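Asks: First the structure, which I've put down as structure tokens, then a few questions once you've had a look.
All of the numbers you see were taken from the coordinates with simple rules; none came from a lab. Quick caveat, the model's predicted, so the values are computed rather than measured. Because the Cβ atoms are built from the backbone with ideal geometry, glycine has one as well, and the counts that use them run over all protein chains shown.
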Amino acid sequence: MIEKLKHKYALSENGAKNMIKAFVAVTIANLVLMLPVGLLYQLTSYLLDGKVPKDKLGFFIGGIVVVFLLVAVTTYFQYNATFFSTYVESGVRRRALAEKLRRLPLSFFGKKDLSDLTNTIMSDCALLETGSSHWIPELIGSMISTTIIVIGLLFFNWKMALAAVWVMPIAFIIVLTSRKGLKSVQKKTMTYKLSCLDGIQEGLETIRDLRSNNMTETYMEGLNKKIKAVEKNAIVLEFKNAAYVCSAQMILKLGIGTVALVGSILLVNGEINVLTLFVFLLVVTRMYEPLQIALQNLSALISLEPSCERMDEILSHEEQTGAEILTNKGYDIVFDHVAFAYDSGEQVLSDVSFTAKQGQVTALIGPSGGGKTTVSRLAARFWDIQKGTVTVGGMDVSKVEPETLLSLYSIVFQDVTLFNNTVMENIRIGCKDATDEEVMAAARLANCTDFIEKLPDKWNTMIGENGSELSGGERQRISIARAFLKDAPIILMDEATASLDVDNESVIQESISKLIRNKTVLIIAHRMRTVDGVDQIIVLKDGVVAEQGTPSALKEKNGIYKHMVDVQLESEQWKYNQV
Ligand SMILES: Nc1ncnc2c1ncn2[C@@H]1O[C@H](COP(=O)(O)OP(=O)(O)OP(=O)(O)O)[C@@H](O)[C@H]1O
């Protein structure tokens, strides 16, 4: 049962145990609320006999006090079991989701966009929070307590009990039949909501382009359509929900009528007395009250199912795991007959083999879409390959835990990610234990010091969300400073000097020459003059190694590389010219 609850409602072991406690708490609370009916039964029977015996007065007063105390204790117990544990569990669930996302392969993120995942962590969790504190315990608790009461009633008078009970399964079946329809509308609503969130996010991210292309009105029209779709679907969902729940609640109320009808017949036939009829009417109204709420809760739980499924999809997704101990001997990177396709299924690399040797610079070049970025990502196990092997110093990267493996790499990609923190802390990301002096030394090597010293708070200047207060070249130099600080044995670079001015570029190139000494360097290059001095060039075209060798050998071959060099030489002569 614990395992089932864990999967169904994305709970931790403790959360599932607490939920069972909540079921028990609600059941006991509901049963305790039936005790006054027992007292009333006793009292009425004495009153019908003429008077209440004096020696019983103490029993009734004591009974009332005990009932009050029990109600107070069970309410506290129920509150504790539902609310407190729910909010603790909610925090645990959000952390578990975030922790899980950290361990998932990047292929998973190709299928999900940012708003989808944020929505799961925030909105789906909040919805499940209400579900766990109200809907689920109240539904299960009232079902258990009603079953116990019904068994008691059957022993008391089975005919009257049947007159009260027959409506219950019908009411629940009505709500359950809505399951398929409700779930599909709920899924649609969620899809529309996510598309709406995507639209808003896209609008905010691209506001500059929208304005410069006079596209704001078109964008707003598109967004309005998405908002209207959400509205329309939400109304349909509410309407369907209300139709099923209200019909079920009406059926439930029929039970009071049948109890009165059957009771009157039995009374006339002398099978029961007035007191029994009175008690049944009292019990039935009390018993239907939590069931009315249970029907609403059942419907709410059905609508909650898609959210739980989305959470379970993340929590039960296979992680990228592996050994936490590195067994590599040296740092040669070897691609051996590697084939790879992203989730879209299209083959991106087929049968790629090459060796990037330690102490050498290997440049990946080739036409756009040839697979250069993909190869450099696979070298660090950002994705798992489908065929062949990628090894570092003889160690198969697919068998190493990703974070352990990444300790071997310094990565400098074009799209630098910076955090809204100080410059100092943004560089320290390269090595979290580095001292301020070490950070500054790395920054000096990456030629960052000049621009950092000019910032308002120097090293303590906050650089805005994703470094929005820095220029492209400055962002890139921070990323290079991180690589200096990390000082990892393997360096993956994506045309690291692309957005630097000529002066900066030559200084940085000199620094990079120092950085890469004795390291395995895999560099994605777009400009042929930067690869003239590398040890080896791998030309990737259409996902295969079309050429490989030293720059001079490839120039002599007169193939793709030579052609790229010639074309770039030509393009360097280009000037702005009116034709
Ligand atoms: N995350 C992804 N999901 C699906 N397909 C992808 C993904 N990333 C890249 N691709 C596809 O894989 C192929 C190779 O892309 P890759 O980025 O490796 O090429 P590249 O040689 O680095 O190109 P460029 O020089 O333009 O950066 C392309 O067809 C691209 O559309």
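Asks: Run the numbers on the chain and let me know its relative contact order in percent, using alpha-carbon pairs under 8 Å that are six or more apart.
Replies: This gives 14 percent for the chain.
Asks: On to the next question. Helix 13-32: angle to the longest alpha-carbon principal axis of the chain, degrees 0 to 90, nearest 10?
Replies: Tilt relative to the chain: about 20 degrees.
Asks: Please list, by residue number, everything in segment 85-101 whose backbone N is under 16 Å from a paramagnetic label point 7 Å out along Cα→Cβ of Lys21.
Replies: 85-92
Asks: Report the label-to-label distance for Thr389 and Leu254 in nanometres (one decimal), using points 7 Å from each Cα along the Cα→Cβ vector.
Replies: So the two model labels end up 7.1 nm from each other.
Asks: For segment 6-58, how many pairs of lysine residues have a Cα-Cα distance under 28 Å, where the two are 8 or more positions apart or belong to different chains?
Replies: Within segment 6-58, the lysine pair count is 4.
Asks: Given the alpha-carbon gyration tensor of segment 139-219, what are the semi-axes of its equivalent ellipsoid in whole angstrom, ordered largest first, with each equal to the square root of 5 times an eigenvalue?
Replies: Here the semi-axes work out to 57, 12, 7 Å.
Asks: Sticking with this structure for a sec: What's the exposure ranking of Thr362, Thr276, going from fewest to most Cβ atoms within 10 Å?
Replies: Fewest-to-most Cβ neighbours within 10 Å comes out as Thr276, Thr362.
Asks: Going highest first, how would you order 409-420, 484-495 by mean Cβ packing within 10 Å?
Replies: 484-495, 409-420
Asks: Same structure again: State the volume of the convex hull built on the alpha-carbon positions of segment 18-95, expressed per residue in Å³ and rounded to an integer.
Replies: Taking only Cα atoms, segment 18-95 has a hull volume of 62 Å³ per residue.
Asks: Right, another one. Return the subset of Lys486/Lys555; Lys387/Lys514; Lys357/Lys555 for which the Cα-Cα distance in this structure is over 32 Å, preserving the input order.
Replies: Result: Lys486/Lys555; Lys387/Lys514 exceed 32 Å.
Asks: Still on this structure, please answer the following. Over the alpha-carbon set of segment 417-484, work out the extent along each principal axis and list the three values in angstrom, largest first.
Replies: The principal-axis extents, from largest down, are 25, 20, 20 Å.
Asks: Translational diffusion coefficient, Stokes-Einstein: compute it for the chain using the Kirkwood radius over C-alpha pairs as Rh, at 20 °C and 1.002 mPa s, and state it as an integer in µm² s⁻¹.
Replies: Answer, rounded: 71 µm²/s.
Asks: What do you get for the angle between helix 179-205 and the principal long axis of the chain? Use alpha-carbon atoms, 0 to 90 degrees, nearest ten.
Replies: 40 degrees
Asks: Multiply the residue separation of Asp113 and Glu3 by 0.36 nm, subtract the distance between their alpha-carbon atoms, and state the gained length in nm to one decimal.
Replies: 36.7 nm
Asks: Which of Met1, Met564, Met424 has the fewest other C-beta atoms within 10 Å, and how do the rest follow up to the most?
Replies: Final ranking by Cβ density, sparse to dense: Met1, Met424, Met564.
Asks: Please give the length that would be gained between Thr417 and Ile200 if that part of the chain were fully extended, namely 0.36 nm times their separation in residues minus their C-alpha to C-alpha distance (nm, one decimal).
Replies: 75.9 nm
Asks: Taking a label point 7 Å from the Cα of Lys399 along the Cα→Cβ vector, which residues of segment 328-352 have an amide N closer than 14 Å to it?
Replies: 328-329
Asks: Ranking Ile293, Ile149 by Cβ neighbours within 10 Å, fewest first, what do you get?
Replies: Listed from fewest to most nearby Cβ atoms, that is Ile293, Ile149.
Asks: If you wrap segment 2-315's Cα atoms in a convex hull and average its projection over all directions, what's the area in nm²?
Replies: 20.6 nm²
Asks: To the nearest 20 debye, what is the magnitude of the charge dipole of segment 417-484 about its Cα centre, counting +1 on the Cβ of each Lys and Arg and -1 on the Cβ of each Asp and Glu?
Replies: It comes to approximately 200 debye.
Asks: Shifting gears a bit: Under a plain spin-label model, where a point goes 7 Å from the Cα along Cα-to-Cβ, how far apart in nm are Phe68 and Arg103?
Replies: Taking the simple label geometry, Phe68 and Arg103 are separated by 5.3 nm.
Asks: Evaluate the charge dipole of the chain about its Cα centre and quote only its size in Debye, nearest 20, assuming +1 on the Cβ of each Lys and Arg and -1 on the Cβ of each Asp and Glu.
Replies: Using only the charged Cβ atoms, the result is roughly 2120 debye.
Asks: If one puts a single equal scatterer on every Cα of segment 284-324 and applies the Debye formula without solvent, what log₁₀ I(q)/I(0) results at q = 0.28, 0.29, 0.35 Å⁻¹?
Replies: Cα-only, vacuum Debye calculation for segment 284-324: -0.89, -0.91, -1.03.
Asks: Output the peptides 543-554, 515-526 sorted from most to least packed, where packing is the average of other Cβ atoms within 10 Å over each peptide's residues.
Replies: Highest mean packing first, the order is 515-526, 543-554.
Asks: Let me ask another. Go ahead and run the numbers for FRET between Ala242 and Glu319, Cβ-Cβ distance against an R0 of 25 Å, rounding to 0.05.
Replies: Working from the Cβ atoms, E equals 0.05.
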